[in-house]
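The values are calculated or read from the model by the stated rules, or taken from the named source; none is laboratory data. All values derive from a computational prediction rather than experimental measurement. Every residue, glycine as well, gets a Cβ built from its backbone with ideal geometry; the counts of neighbours run over all protein chains shown.
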Amino acid sequence: MYKNLFQENKNYINFDNAATTPPLIGVLEEINSFSPYYSSVHRGVGYKSIISSDYYERAREIVLNFLSANTGNNVAIFVKNTTEAINKLSYVLRDVIGHGMVLITEMEHHSNMLPWRYKYPIDYVRVDEKGRLDLNHLEYLLKKYMGKVKLVAVSGASNVTGYINPIHNIAKISHRYGAKIFVDGAQLVPHHIVNMSYPEPIDFLAFSGHKIYAPFGAGVLIAPRDIFIDKVPNEVGGGTIRLVSKKEVIWADLPYKEEAGTPNLFGAIALAKALETLSEIGMENIMEYERKLTEYALNNMINIDNIIIYDD
């Protein structure tokens with residue numbers, strides 16, 4: 001149905017999308033058409049530099065709009081991938097978490113486990129025999145550590161089973177006990193409508209371009225602006241400062257102080273084009289198409305001997 005969106009390869013069926021997706025033709029065409037104008041971002045006054053800077057900032061707006069994020073309160077910070085985004089967030093939240101703790105789940109990818117585990121006390125929310133998150137156990141742990149849990153970090157969708165977590169229900173439970181929620185959206189954003197504002201706000205979210213048909217190594221962290229106020233960036237150098245002398249550093253405004261070094265312009269443009277393409281198709285149509293594919297696969301696999309279906 002959507003084969004015309006990708007480069008033709010009749011002898012290859014891609015079952016590796018959970019790791020990395022093939023690029024959309026439209027993404028590659030966008031990069032090729034922009035290439036003659038490629039230049040420095042926010043570092044020059046030439047014609048190409050102005051165009052490059054405009055494309056880069058437009059990509060940031062497209063990301064926030066795609067996720068229905070509150071553009072007044074939230075900022076989109078470009079990073080290399082979801083892993084880098086989580087490491088950055090684990091660093092910047094050190095004052096928020098303080099001597100508190102983080103809840104993660106048994107279904108987490110190690111990228112959403114290790115950054116928290118090596119900085120803060122943690123505990124694990126159980127997963128049931130079907131691979132689903134036990135929300136009763138989540139609430140039990142929040143009560144058990146009453147007031148100590150500052151963050152609940154959870155996958156939007158499992159990279160093992162494909163199970164989609166009810167992130168807004170999890171957010172509501174977490175907020176009830178004074179905890180914020182971070183959603184690892186690497187496996188969720190490419191396949192499901194994500195609204196960071198409604199019905200319950202999602203505090204932090206990250207995802208990667210390479211899992212959403214956009215190569216070139218860009219990811220995004222979406223977070224409230226206020227958590228970065230008066231914080232020294234976890235990476236410093238080019239692009240992060242407004243003024244530097246032998247004795248003084250004045251950091252650049254957000255999001256630039258959190259994007260050290262030369263920005264990955266091609267990565268940002270590719271990601272933005274991929275999101276625009278998915279929006280044109282309609283995420284609700286993609287969800288329905290994938291539902292039918294899943295239904296077809298399960299209906300056939302269930303008849304194979306020694307196959308156990310863990311997710312429903």
request  = Only one of these is in contact with a Leu (Cβ under 9 Å, 6 or more places away or on another chain), closer than 26 Å to E106 by Cβ, free of Cβ contacts under 8 Å to residues at least 60 places away in the same chain and among the aliphatic types (A, V, I, L, M): I212, I170, I222. Name it.
outcome  = I170
ask   = Restricting attention to segment 139-161, which residues are farther than 17 Å from T82 by Cβ, outside any strand (DSSP E or B) and either of a type outside the set (S, T, N, Q) or out of contact with any Gly (no Cβ under 8 Å at 6 or more places or on another chain) (or both)?
value = E139, Y140, L141, L142, K143, K144, Y145, M146, G147, K148
ask   = Looking at (1) farther than 30 Å from H109 by Cα; (2) touching a residue at least 40 places away in the same chain (Cβ under 8 Å), can you tell me which one T21 breaks?
value = (1)
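To keep it simple, each residue is scored yes or no on (1) of a type in the set (D, E, K, R); (2) surrounded by fewer than 14 Cβ atoms within 10 Å (Cβ to Cβ); (3) over 23 Å from A69 (Cα atoms); (4) touching a residue at least 24 places away in the same chain (Cβ under 8 Å).
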residue	(1), (2), (3), (4)
I250	no, yes, yes, no
E258	yes, no, no, yes
S279	no, yes, no, yes
N285	no, yes, no, no
E290	yes, no, yes, yes
inquiry  = I'm checking my understanding of the structure. Among residues of segment 78-101 that are in a helix (DSSP H, G or I), modelled with pLDDT of 95 or more and among the hydrophobic types (A, V, I, L, M, F, W, C), which one is nearest to G178 (Cα to Cα)?
reply    = I97
inquiry  = Can you say whether T83 is without any contact (Cβ under 8 Å) to a residue 24 or more places away in the chain, of a type outside the set (G, A, S) and under 21 Å from I202 (Cβ atoms), as far as the supplied structure shows?
reply    = no
ask   = Considering only segment 35-72, how many residues are small (G, A, S), touching a residue at least 40 places away in the same chain (Cβ under 8 Å) and either part of a loop (DSSP other than H, G, I, E, B) or surrounded by fewer than 16 Cβ atoms within 10 Å (Cβ to Cβ) (or both)?
value = 3
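Report whether or not V75 is out of contact with any Cys (no Cβ under 6 Å at 6 or more places or on another chain), within 18 Å of S155 (Cα to Cα) and not in a helix (DSSP H, G or I).
Details: out of contact with any Cys (no Cβ under 6 Å at 6 or more places or on another chain): yes; within 18 Å of S155 (Cα to Cα): no; not in a helix (DSSP H, G or I): yes.
Taking the combined requirement at face value, the residue does not satisfy it.
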query = Taking segment 48-87 only, how many residues are more than 20 Å from A270 (Cβ to Cβ) and touching a Phe, Trp or Tyr at 6+ places or on another chain (Cβ under 8 Å)?
reply = 3
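I'd like the residue in segment 128-138 that is outside any helix (DSSP H, G or I) and either among the charged types (D, E, K, R) or over 22 Å from the mean Cα position of the chain (by Cα) (or both) and, out of all such residues, is nearest to Y310 (Cα to Cα). Reasoning before the result, please.
Going through segment 128-138, the residues outside any helix (DSSP H, G or I) turn out to be 128-134.
Those left that are additionally either among the charged types (D, E, K, R) or over 22 Å from the mean Cα position of the chain (by Cα) (or both): 128-130, 132, 134.
Details: D128: 10, E129: 7, K130: 5, R132: 9, D134: 15 Å.
It comes out as K130.
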query = Out of curiosity, is L271 hydrophobic (A, V, I, L, M, F, W, C), buried (at least 19 other Cβ atoms within 10 Å of the Cβ), touching a helix residue (DSSP H, G or I) at 6+ places or on another chain (Cβ under 7 Å) and under 23 Å from N195 (Cα atoms)?
reply = yes
query = Which condition does L221 not pass, out of (1) farther than 20 Å from E61 by Cα; (2) crowded, with 18+ Cβ neighbours inside 10 Å, if it passes all the others?
reply = (1)
Hey, M301 surrounded by 11 or more Cβ atoms within 10 Å (Cβ to Cβ), without any contact (Cβ under 8 Å) to a residue 12 or more places away in the chain and of a type in the set (A, V, I, L, M, F, W, C) or not = yes
request  = Would you mind finding the one in E295, E284, E276 that is closer than 21 Å to H210 by Cβ, charged (D, E, K, R) and assigned to a helix (DSSP H, G or I)?
outcome  = E276
